[in-house]
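What follows is calculated from the coordinates using simple rules that are stated; it is not laboratory data. Remember, predicted model here, so these are calculated numbers, not experimental data. Positions of Cβ are backbone-derived with ideal geometry, glycine not excepted, and every protein chain shown enters the neighbour counts.
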Amino acid sequence: MSGHSKWSTIRRKKGAADAKRGQAFTKLGKAITVAAKDGADPTTNFKLRLAVDQARALNMPSANIAKAISRGEGTSDEGRPEEIIYEGYGPGGVAIIVECATDNKNRTYADVRTQFSKHGGSIAEPGAVTYQFDQKGVIQLEPSDIEAASLAAIDVGAEDVEVDGGVLSVYTAPQRLSSVQTQLQDQDLKPVSAELSFVPKQSILVQDPVQATKILKLMSGLEDLDDVTATYSNFDIPSRLMEQI
């Protein structure tokens with residue numbers, strides 16, 4: 001799962017940087033709207049709660065959050081985006097999943113396909129790569145004591161943990177994410193992020209710097225699209241190579 005934890009960390013940091021120019025708020029607003037279609041109360045709609053938590057973590061204004069929820073409820077005059085997933089392959093055959101929230105599928109498909117083509121990848125048919133992933137709850141922590149936090153996570157029901165630098169990734173069954181997150185918070189282990197994620201069953205090790213650079217440019221290009229809310233891949237670029245590029 002090491003490729004997943006690395007890209008998940010990069011994506012989270014990129015989201016924080018994007019928030020400075022407002023792009024992250026646009027993406028999070030769409031994610032909140034899509035989640036709110038299943039209920040406008042974050043206490044009973046866990047997917048909405050996760051989206052709202054992510055928005056608050058990036059200091060998204062409460063008025064923006066409320067407006068996005070209203071759109072999802074259908075009480076706003078603005079259109080309601082729908083969720084769609086695209087799949088594809090990057091350089092070296094790495095598998096990529098792209099989650100989107102859009103009110104114009106044709107535009108979004110064209111934008112996603114362009115990024116794949118531009119960076120040496122190709123878009124694929126539905127189902128072509130999702131079988132290579134499992135859906136998991138993923139909680140990221142930056143604890144002062146990695147070992148103690150890892151043991152605590154396992155004790156409260158985590159399936160697995162992984163360390164990359166100072167970041168501890170905690171993996172749970174989807175239905176256990178809320179419970180594990182709450183129990184970690186009760187032990188003063190405050191998650192940096194928590195999300196439902198596609199985690200690769202097996203990773204593809206990438207050791208060629210040229211290929212690694214192309215993959216990261218493709219992933220970054222996809223993340224920069226306004227309609228894209230999340231991206232996942234099964235590449236694993238070693239830390240030493242990641243630092244070089």
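Output yes when any residue across the stretch 80-93 is of a type in the set (V, I, T) and in a helix (DSSP H, G or I), and no when none is.
no
If you check I123 against the conditions, is it surrounded by 15 or more Cβ atoms within 10 Å (Cβ to Cβ) and either under 17 Å from T231 (Cα atoms) or basic (K, R) (or both)?
Details: surrounded by 15 or more Cβ atoms within 10 Å (Cβ to Cβ): yes; either under 17 Å from T231 (Cα atoms) or basic (K, R) (or both): yes.
Judged against the criteria, I123 is a match.
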- Task: Return only the number of the condition from (1) farther than 22 Å from A57 by Cα; (2) aromatic (F, W, Y); (3) crowded, with 16+ Cβ neighbours inside 10 Å that Y171 does not satisfy.
- Result: (1)
- Note on the structure: The number of residues in the stretch 95-122 that are touching a residue at least 40 places away in the same chain (Cβ under 8 Å) and assigned to a strand (DSSP E or B) is 8
- Sole miss for A149 among (1) touching a residue at least 40 places away in the same chain (Cβ under 8 Å); (2) within 19 Å of the chain's Cα centre (by Cα) is condition (2)
